[in-house]
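Derivation of every value follows stated rules applied to the coordinates shown; laboratory data play no part. What you see is a predicted model; the values in this text were computed from it and never measured. Positions of Cβ are backbone-derived with ideal geometry, glycine not excepted, and every protein chain shown enters the neighbour counts.
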Amino acid sequence: MASDSLYYLSKSHVKLLLTHVNRLTYEPRANVSTAFTREQLSRADEVRRLHYALLHPSDNVLIKALKYGLLIGTRLTSQDVYLYRLVYGACPCCLAGKTISPAYKESLSPPAMMPGSIVHVDLIPFPEICLGGIQYHMLVCDDFLPICILLQILI
């Protein structure tokens, strides 16, 4: 499905999506309960649960989706996303996902000069034997050509 597709969120669908999110709660910042009304805190919490259910889109993506009506069936507005950020701060999962792992070392070997000179092969086992007795896939990638071939293997 394209990223600019229209998503209709029925109440039952949202409820199903958000059941696991309620278990992954994190608390609002200290002293926000006195600064905001109960309705504002409720809307910020709803944005938080939507953020989790949609697999952590950025604030800008969520604002555009709400602004242009890509999320039907929700009472939230783009202003609620700003409120969410004020109440809860940055999402800890999004912050953890942005941590940078060390870069891989660059290869010291020369690049492939012709097809077939450097070939990478991976053997991928199936957890169960498939129809026809197929137990493995073999993934073959040529370093020179921008293609990979997936072969089924009978043993």
Segments 134-147, 106-119, 51-64, 78-91 sorted - mean Cβ within 10 Å per residue, highest first: 78-91, 51-64, 134-147, 106-119
Added length on full extension, which subtracts the Cα-Cα distance from 0.36 nm per residue, T37 to Y82: 14.7 nm
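Quote the FRET efficiency, to the nearest 0.05, computed for A90 versus L70 with a Förster distance R0 of 35 Å and r equal to the Cβ-Cβ distance. Working shown, then result.
Values: r = 23 Å, r/R0 = 0.67.
It comes to 0.90.
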V119 paired with S58, simple spin-label distance in nm, labels 7 Å along Cα-to-beta-carbon: 4.2
Test item: Cα-centred dipole of the range 35-90, Lys/Arg +1 and Asp/Glu -1 on Cβ, debye: 60
